[in-house]
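Enquirer: Before anything else, here's the structure in question.
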Amino acid sequence: MEGIVHSLRLGWRALLLKEEAYQEMKASSNPVVKGLVLIIVVGAVIALVGLVGTVLEWASTPDLQEIKDTVHAYLLDMPWWDEMPPQALEQFEQWYELGWRVFPSLFGAPNIGSAALGIITMPVGLVIRWLIYGLLAYLFARWLGGTANLSETLGVLALAVAPQAVNILRLFPFVQAGNLVAVWGILCAYVGLKTAHKLSWERAVWATVLPFLLVMVVAALTGCLVSALIAVAVKGG
Amino acid sequence: MSSLWATLLRATILDNRAYEEWRKRPNLFLRGIVLILVVSLLAGLVSFAVNLATLAKPVNVAEIEEEMKRWFETQSQFYPGMQDPEVREAMKEMMDQIVPMISDIASIRAPLPRGISALFQAVGGWISRALTAIAGWLLYGALVLVVVNLLGGTAKLPEFLGMVSLYVIPGLLGLLNPVPCLGTILVLIGTVWSIAVYVKAVSFTTGLDMGPSLLAVVAPFLVLVLIGLLVGLALVFWIVLLF
């Protein structure tokens, strides 16, 4: 328990971008385990708080099923159906059902089930992101002349999860903190990489952003490939 | 507390000593966060109150109907085709369906009373806007610091962010935004004033002259606009190429 409290204190100092917090993490006996515990604790707490906020959000939102049925009834009453072929109604029903399955969650409709599931998926997701980003950032930092090993890099980058603490505010329903957590996390990663690898500011900036750029380039190329395949299919059809 | 207020107010008139006093305060980065948070919440107070009143008020169906009619009349002036009696009849039929639908949807209740739901939504929006302001301050501050370093200035990230957080104080003029006519002008004055405080804070913290400091503050904005344009053009080019 004392270890967790110490890790949380370290996380607080990392949140304030204090270099000594990152140095302390780098120098600790097992930074990976310490980082892993911090991420799991923060992830689970944030997910629990998010669950409470989601329940309150759900209680403040009118019943979506009732809205769906009301809109459906009125749309079917519209005069234009008389001029449409019978299969148009069938197609409309399919699209209407699909739309109501997809759009509410896209626009942030409260979902207690997925919020509860978040108690497991949130820490797991954070750990996966930490490992992938940590590995890529380590490779780029070493390539740029960094001196820390993989274990130390993962340790300091675990502290970049500290801005997730902002999500505590999701206890209040309808609060969104997405951009802030992401931007603050990147700044923490920058300070962590700069401190652990003893990099100049330029190299630390590159080591921080190159993993994101790599992922963006891969995503853009995949997008181009998929859209080209769709275009070929459309033209071919 | 009064000395803090005096420091902040003198910072807005670009008084060197105020910047010196602000820099000497401990935990500059944390102070910056608190300053942005408090000022953003204060500046958003009126919008919060207006939102709360709007959300708590029951939906006025007659008002919506009137608004839709007004919209149709305005559109008719620009698109003469909408003045066609058949189009007008179709529009009337559609409104006869839509207005009662809105009324029925508005009558669907949430488990919590309307007032509490409205309070939650208004508070959520109010806090979210303040958090967005903090995100903007962090992101833009980091980009400005990159340009500062390229121009030969130097500063540590947390201290730099703490110092430039002073830019937010003229944003309090945003409180007067709802004042008819004058509000927009005051917000514009507040924006220009904020840029002046930002440039002064950059110059004071990094040792750059005012010219390079202004360049450091403006450059990230120009680069972001340029990147946005290039990405947009590339997307359009790709779509044209494909189809």
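Enquirer: Put +1 on the Cβ of each Lys and Arg and -1 on the Cβ of each Asp and Glu in segment A:64-106; which of A:Phe103, A:Pro79, A:Leu89 then has its Cα farthest toward the positive end of the dipole?
Expert: Highest projection toward the positive end goes to A:Phe103.
Enquirer: If you count, for each residue, the other Cβ atoms within 10 Å and average over each peptide, how do A:4-17, B:54-67 line up from highest to lowest?
Expert: Values: A:4-17: 18.1, B:54-67: 12.3.
Ranking, from highest mean packing down: A:4-17, B:54-67.
Enquirer: Then there is this: Scattering from the C-alpha atoms of segment B:120-243 alone, worked out with Debye: what is log10 I(q)/I(0) at q = 0.11, 0.13, 0.16 1/Å?
Expert: So the normalised log intensities are -0.51, -0.68, -0.88.
Enquirer: Mind putting a number on the dipole of the protein assembly as shown about its Cα centre? Charges go on the C-beta only, +1 for Lys and Arg and -1 for Asp and Glu, and I need it in Debye to the nearest 20. Numbers along the way, then the final one.
Expert: Numbers: 30 positive and 32 negative charges, 564 e Å.
Its charge dipole is roughly 2700 debye.
Enquirer: Let me ask something else. Could you identify which residue out of B:Val38, B:Val199, B:Val231 has the top mean-square fluctuation in a GNM of chain B using Cα springs shorter than 10 Å?
Expert: Result: B:Val231 has the largest fluctuation of those listed.
Enquirer: Further question: Before anything else, pin down the relative contact order of chain B: Cα pairs under 8 Å, at least 6 apart, normalised by residue count, whole percent.
Expert: On the way: 214 pairs, mean separation 69.4, N = 243.
So the answer I get is 29 percent.
Enquirer: Residues in segment B:118-156 near a label at A:Val52, defined as backbone nitrogen under 17 Å from the 7 Å Cα→Cβ point?
Expert: Taking a point 7 Å out along Cα→Cβ of A:Val52, the residues of segment B:118-156 whose backbone N falls under 17 Å are B:120, B:124.
Enquirer: Further question: Quick one: putting +1 on the C-beta of Lys and Arg, -1 on the C-beta of Asp and Glu, what dipole do you get for chain B around its Cα centre, in Debye to the nearest 20?
Expert: Details: 16 positive and 16 negative charges, 263 e Å.
Dipole of chain B, to the nearest 20 debye: 1260 debye.
Enquirer: Semi-axes of the equivalent ellipsoid for chain B, please: Cα gyration tensor eigenvalues, times 5, square-rooted, ordered largest first, whole Å. Please report the intermediate quantities before stating the final value.
Expert: Working: eigenvalues 410, 140, 58 Å².
Values for chain B, descending: 45, 26, 17 Å.
Enquirer: Using a Gaussian network for chain A with springs between C-alpha atoms less than 10 Å apart, which of these wobbles most: A:Leu117, A:Leu64, A:Leu159?
Expert: Looking only at A:Leu117, A:Leu64, A:Leu159, the largest GNM fluctuation is found for A:Leu64.
Enquirer: Please give the residues of segment B:82-114, grouped as numeric ranges, whose backbone N is less than 13 Å from a label point set 7 Å along the Cα-to-Cβ vector of B:Ile64.
Expert: From segment B:82-114, the list is B:95-109.
Enquirer: Now a separate question. Rule-of-thumb check for the protein assembly as shown: C-alpha Rg over 2.2 N^0.38 Å? Present the calculation step by step, with values, prior to reporting the outcome.
Expert: On the way: Rg = 26.8 Å, N = 480, 2.2 N^0.38 = 23.0 Å.
Here the Cα radius of gyration is 1.17 times the empirical estimate.
Enquirer: Report the calculated FRET efficiency for A:Glu93 and B:Thr184 (r = Cβ-Cβ distance, R0 = 60 Å), to the nearest 0.05.
Expert: The computed FRET efficiency comes out at 0.80.
Enquirer: Within 10 Å of each Cβ of B:105-112, how many other protein chain Cβ atoms are there on average?
Expert: On the way: counts 6, 1, 3, 9, 3, 7, 6, 6.
The mean count of partner-chain Cβ atoms within 10 Å per residue comes to 5.
Enquirer: Dividing the Cα radius of gyration by the Kirkwood radius, what Rg/Rh value follows for segment B:59-106?
Expert: Working: Rg = 11.6 Å, Rh = 11.3 Å.
My calculation of the ratio gives 1.03.
Enquirer: Counting only other chains, what is the mean number of Cβ atoms within 10 angstrom of the Cβ of each residue in peptide B:117-126?
Expert: Values: counts 8, 1, 2, 10, 5, 1, 4, 11, 3, 3.
Mean partner-chain Cβ count within 10 Å for B:117-126: 5.
Enquirer: What is the local net charge at B:Leu4, summed over the other residues whose Cβ is closer than 13 Å to its Cβ (Lys, Arg +1; Asp, Glu -1)? Could the numbers behind the result be given before it?
Expert: Details: positive: B:Arg10, B:Lys24, B:Arg25, B:Arg31; negative: B:Glu21.
That sum, taken over residues with Cβ under 13 Å, equals +3.
Enquirer: Please report how far the C-alpha centroid of segment B:180-243 lies from that of segment B:101-170, rounded to the nearest whole angstrom.
Expert: Value for the Cα centre distance between the two parts: 18 Å.
Enquirer: Structure shown: which of A:Lys194/B:Lys24; A:Lys34/B:Lys200; A:Lys34/B:Lys24; A:Lys26/B:Lys200; A:Lys68/B:Lys69 lie over 31 Å apart, alpha-carbon to alpha-carbon? All intermediate terms of the calculation are to be shown ahead of the outcome.
Expert: On the way: A:Lys194/B:Lys24 25 Å; A:Lys34/B:Lys200 42 Å; A:Lys34/B:Lys24 34 Å; A:Lys26/B:Lys200 37 Å; A:Lys68/B:Lys69 26 Å.
In this structure, A:Lys34/B:Lys200; A:Lys34/B:Lys24; A:Lys26/B:Lys200 exceed 31 Å between Cα atoms.
Enquirer: Ratio of Rg to Rh for chain A, alpha carbon only, Kirkwood?
Expert: Numbers: Rg = 23.6 Å, Rh = 21.0 Å.
In chain A, Rg relative to Rh is 1.13.
Enquirer: How many angstrom lie between the Cα centre of segment A:169-232 and the Cα centre of segment A:23-38?
Expert: If we compute the Cα centre of each part, the gap is 23 Å.
Enquirer: Sort B:26-36, B:135-145, B:99-109, A:100-110 by packing, meaning the average of other beta carbons within 10 Å per residue, with the highest value first.
Expert: Details: B:26-36: 17.5, B:135-145: 21.0, B:99-109: 14.6, A:100-110: 11.7.
Highest mean packing first, the order is B:135-145, B:26-36, B:99-109, A:100-110.
Enquirer: What is the packing order of peptides B:213-220, B:181-188, taking the mean over residues of other C-beta atoms within 10 Å and listing the highest first? The partial results should precede the final answer.
Expert: Values: B:213-220: 20.1, B:181-188: 12.9.
Put in order of decreasing packing, that is B:213-220, B:181-188.
Enquirer: For peptide B:140-147, what's the mean number of Cβ atoms from other chains within 10 Å of each residue's Cβ? Mind dumping the intermediate values first?
Expert: Values: counts 1, 2, 5, 0, 0, 2, 3, 0.
The shielding value for this peptide is 2.
Just so you know, all these numbers are worked out from the coordinates, no wet-lab data involved. Because the structure is a prediction, the values reported are computed rather than measured. When we count neighbours, we look across all protein chains shown, and the Cβ atoms used for this are built from the backbone with ideal geometry, even at glycine.
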